[in-house]
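First up is the structure itself, then whatever we jot down about it.
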Amino acid sequence: MLGLTATPERTDRKDILQFLEHNTIYSISTSEAINRGFLVPFTYYGLYDNIDYSNIRHNGFRYDVDDLEKSLIIPGRNKAIIDKYIEFASLKKTIGFCVSIKHAERIAELFNSHDIPSIAIHSNLSQEERAKRIRMYESGNICCVFVRDIFNEGVDFPETGALLFLRPTESRIVFQQQLGRGLRLSAGKSNVVILD
């Protein structure tokens, strides 16, 4: 049996390597894969907002989604998001990771209102509608796609040139998975821009 994974560490701390008798044939870190040309490098911008996360309920694992929506879906933050996107990643094919479905829909509306063709893709859509929207993104008819907990893994959009982390990412593994959505090699792509 051959097992392949980009993220062998799991949030539930289960040992998946036990299924392969801890026989690791090959392992490579993200930084080494970038250095060896298997992935593109990234330019990371850690941007600050004035959100006081201590006022947002947290159950020890996750922030409360309703509290996040109330705190993060606000005009000042939305303006900062669009301004920084235009400054650092203008019109690059982009995936934005959002707090909720509502947040993904609102940010897509915001970008569309600034003439940046955008859509939200989420679990409330039918399979057919999701597939249609994915094709629109892949074809280049849509510049930005905004999601909530889909596209973390199992998708491959090599042309993606920017990632927007618009939510707190409480897991190093989820962050690594989301980062991987932008690191794929593609003709003419020299790096990926990360706005966090």
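The values are calculated or read from the model by the stated rules, or taken from the named source; none is laboratory data. These numbers were taken from a predicted model, which means no experiment stands behind them. In this analysis, Cβ positions are derived from the backbone assuming ideal geometry, glycine residues included, and neighbour counts consider all displayed protein chains. Protein only, heavy atoms only, side chains kept; ligands, DNA and RNA dropped before computing areas. Shrake-Rupley method; radii C 1.70, N 1.55, O 1.52, S 1.80 Å.
Filter the stretch 125-158 down to residues that are more than 14 Å from the chain's Cα centre (by Cα) and under 24 Å from residue 47 (Cα atoms), then give me how many there are.
Residues flagged as more than 14 Å from the chain's Cα centre (by Cα) and under 24 Å from residue 47 (Cα atoms) within the stretch 125-158 amount to 1.
Going through the stretch 175-194 one residue at a time, which ones are open to solvent by 30 Å² or more (accessible area, probe 1.4 Å), over 9 Å from the mean Cα position of the chain (by Cα) and closer than 30 Å to residue 52 by Cβ?
If the condition is that a residue be open to solvent by 30 Å² or more (accessible area, probe 1.4 Å), over 9 Å from the mean Cα position of the chain (by Cα) and closer than 30 Å to residue 52 by Cβ, then 176 is the only one that fits.
Determine which member of the set 14, 70, 84 is out of contact with any helix residue (DSSP H, G or I) (no Cβ under 9 Å at 6 or more places or on another chain), open to solvent by 100 Å² or more (accessible area, probe 1.4 Å) and either closer than 29 Å to residue 157 by Cβ or at pLDDT below 90 (or both). Lay out the reasoning, then the answer.
Details: 70 fails: either closer than 29 Å to residue 157 by Cβ or at pLDDT below 90 (or both); 84 fails: open to solvent by 100 Å² or more (accessible area, probe 1.4 Å).
The conditions single out 14.
Could you please find all residues in the stretch 137-157 being under 10 Å from residue 117 (Cα atoms) and either in contact (Cβ under 8 Å) with a residue 60 or more places away in the chain or not aromatic (Phe, Trp, Tyr) (or both)? Give the derivation first.
Residues of the stretch 137-157 under 10 Å from residue 117 (Cα atoms): 137, 140-145.
Hits for the stretch 137-157 are 140, 141, 142, 143, 144, 145.
Please count how many residues of the stretch 156-196 are of a type outside the set (Asp, Glu) and part of a loop (DSSP other than H, G, I, E, B). Talk me through it step by step, then tell me what you get.
Taking the stretch 156-196 and keeping what is of a type outside the set (Asp, Glu), we get 157-158, 160-169, 171-195.
With part of a loop (DSSP other than H, G, I, E, B) added as a condition, the list becomes 157-158, 160-161, 166-169, 171, 181-191.
Matching residues across the stretch 156-196 total 20.
Could we say that residue 97 is at pLDDT 85 or above and in contact with a strand residue (DSSP E or B) (Cβ under 6 Å, 6 or more places away or on another chain) here? Can you show your working first?
Details: at pLDDT 85 or above: yes; in contact with a strand residue (DSSP E or B) (Cβ under 6 Å, 6 or more places away or on another chain): yes.
Yes; evaluated as a whole, the condition is true for this residue.
Search the stretch 19-67 for residues being under 18 Å from the mean Cα position of the chain (by Cα) and more than 21 Å from residue 176 (Cβ to Cβ), and hand back the single one that is surrounded by the fewest Cβ atoms within 10 Å (Cβ to Cβ).
Step one: list which residues in the stretch 19-67 are under 18 Å from the mean Cα position of the chain (by Cα), which gives 30, 39-48, 62-63, 65.
With the extra rule that they be more than 21 Å from residue 176 (Cβ to Cβ), the set shrinks to 48, 65.
Details: 48: 7, 65: 17.
The extreme case among them is 48.
Can you list residue pairs whose Cβ atoms sit under 7 Å apart, with the first residue in the stretch 27-56 being among the aromatic types (Phe, Trp, Tyr) and the second being in a helix (DSSP H, G or I)? Count only pairs 6 or more apart in sequence or on different chains.
45/88
Can you tell me which residue among 170, 159 is open to solvent by 40 Å² or more (accessible area, probe 1.4 Å) and farther than 27 Å from residue 70 by Cβ?
Details: 170 fails: farther than 27 Å from residue 70 by Cβ.
Selected residue: 159, the only one of 170, 159 that is open to solvent by 40 Å² or more (accessible area, probe 1.4 Å) and farther than 27 Å from residue 70 by Cβ.
Select from the stretch 134-156 the residues that are charged (D, E, K, R) and surrounded by fewer than 18 Cβ atoms within 10 Å (Cβ to Cβ) and write down the one among them that is modelled with the lowest pLDDT. Steps first, please.
Here is the first cut: in the stretch 134-156, the ones charged (D, E, K, R) are 135, 138, 148-149, 153, 156.
This time we only want the ones that are surrounded by fewer than 18 Cβ atoms within 10 Å (Cβ to Cβ), so: 135, 138, 149, 153, 156.
Numbers: 135: 94, 138: 93, 149: 79, 153: 68, 156: 84.
By that ranking, first place goes to 153.
Can you tell me which residue in the stretch 87-109 is nearest to residue 43 (Cα to Cα), limited to those that are in a helix (DSSP H, G or I) and open to solvent by less than 30 Å² (accessible area, probe 1.4 Å)? If you could, list the steps in order and put the result at the bottom.
Of all residues in the stretch 87-109, those in a helix (DSSP H, G or I) come to 87-89, 101-109.
With the extra rule that they be open to solvent by less than 30 Å² (accessible area, probe 1.4 Å), the set shrinks to 89, 103-104, 107-108.
Numbers: 89: 10, 103: 25, 104: 23, 107: 22, 108: 23 Å.
Taking the candidates together, the pick is 89.
Report, by residue number, each residue of the stretch 113-155 that is outside any loop (DSSP other than H, G, I, E, B) and in contact with a Cys (Cβ under 9 Å, 6 or more places away or on another chain).
Here is the first cut: in the stretch 113-155, the ones outside any loop (DSSP other than H, G, I, E, B) are 113, 118-121, 127-139, 144-147.
If the condition is that a residue be outside any loop (DSSP other than H, G, I, E, B) and in contact with a Cys (Cβ under 9 Å, 6 or more places away or on another chain), then 118, 119, 120, 137, 146, 147 are the ones that fit.
Name the residues in the stretch 84-101 that are touching a residue at least 60 places away in the same chain (Cβ under 8 Å) and not polar (S, T, N, Q), would you?
Initially, the stretch 84-101 is screened for residues touching a residue at least 60 places away in the same chain (Cβ under 8 Å), giving 84-85, 88-89, 92-99.
If the condition is that a residue be touching a residue at least 60 places away in the same chain (Cβ under 8 Å) and not polar (S, T, N, Q), then 84, 85, 88, 89, 92, 93, 95, 96, 97, 98, 99 are the ones that fit.
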